[in-house]
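One structure is given below, encoded as structure tokens.
Please treat every number below as a calculation from the coordinates, not as lab data. What you see is a predicted model; the values in this text were computed from it and never measured. Backbone-built Cβ (ideal geometry, glycine too); neighbour counts: all protein chains shown.
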Amino acid sequence: MIKPFRILTLLFCAFFLVSCASKKINAIPYLTKSAAIVESFPELAVFQPRNSKKKPVVIFIHGGYWNEGNKDMYGFLGRDFAKKGILTVIPNYTLSPEGNYNTMAEEVAAAIKWTHENISKYNGNPDKIFLMGHSAGGHLIALVGTNPKYLENTEMIKGIILNDAAGLDMFTYLKGNPPTKRHNYDVTWTKNQDNWKDASPIYFIGLPL
């Protein structure tokens, strides 16, 4: 029978090994201005594997109805990827009602550009950048990866991973369910149907970028 002290020692050692598998660099500003309704200076966190080899990079965008969530909720994901040798970047972005789909997408694009330009300083490989997003975050990476107005150079993105992505065809959805104050959709999508189509990644698939 293992004594309680030995169990605690083993648990402590396991935690220590996991925590030492990565290094977190938090609160890194990635843009100096935003077109959001209020002044906003979003930041990002980098979860860096603890060795000097250049690692593939995942940029993870959180979900939450476009008006909830933050990067600090997903530290477990950054640490887990780092344990597997993947450098992870997790940005915040300005949520509704302070921002709308367009300002959010512009900020996500800025986070991608920052990563491509700076990630080598953190032992990340700028030639192996993948995007991953959950729910609303899945919509945003799909939009940035397909709508040509957000990124001039899409070659920096090597793949897009959609995790239960929402909002891929907001035009059709909002025609049947016009935006209201619920979840701040009246601000996120506006009342302009042209914006609904502009916000829908499905209409940009296959277009030359």
Worksheet entry | Positions within segment 79-135 being within 21 Å of residue 188 (Cα to Cα) and of a type in the set (S, T, N, Q), in sequence order | 92, 94, 96, 100, 102, 103, 135
Practice prompt. Identify all residues within segment 125-149 that are in a loop (DSSP other than H, G, I, E, B), surrounded by fewer than 20 Cβ atoms within 10 Å (Cβ to Cβ) and without any contact (Cβ under 8 Å) to a residue 60 or more places away in the chain; write none if there are none.
Written response: 149
Fill in: Complete set of residues in segment 111-156 that are touching a helix residue (DSSP H, G or I) at 6+ places or on another chain (Cβ under 6 Å) and either farther than 26 Å from residue 68 by Cα or small (Gly, Ala, Ser) (or both)
116, 126, 133, 142, 156
Practice prompt. Within segment 49-68, work out how many residues are free of Cβ contacts under 8 Å to residues at least 40 places away in the same chain and either within 20 Å of residue 160 (Cα to Cα) or under 16 Å from the mean Cα position of the chain (by Cα) (or both).
Written response: 1
Discussion item. Can you pull out every residue in segment 150-160 that is touching a strand residue (DSSP E or B) at 6+ places or on another chain (Cβ under 8 Å) and surrounded by 15 or more Cβ atoms within 10 Å (Cβ to Cβ)?
Written reply: 151, 156, 157, 160
Worksheet item: From the set of residues in segment 176-199 that are hydrophobic (A, V, I, L, M, F, W, C) and within 22 Å of residue 38 (Cβ to Cβ), which is surrounded by the fewest Cβ atoms within 10 Å (Cβ to Cβ)?
Response: 187
Worksheet item: Which of (1) of a type in the set (A, V, I, L, M); (2) under 18 Å from residue 32 (Cβ atoms); (3) over 12 Å from the mean Cα position of the chain (by Cα) does residue 119 not meet, given it meets every other one?
Response: (2)
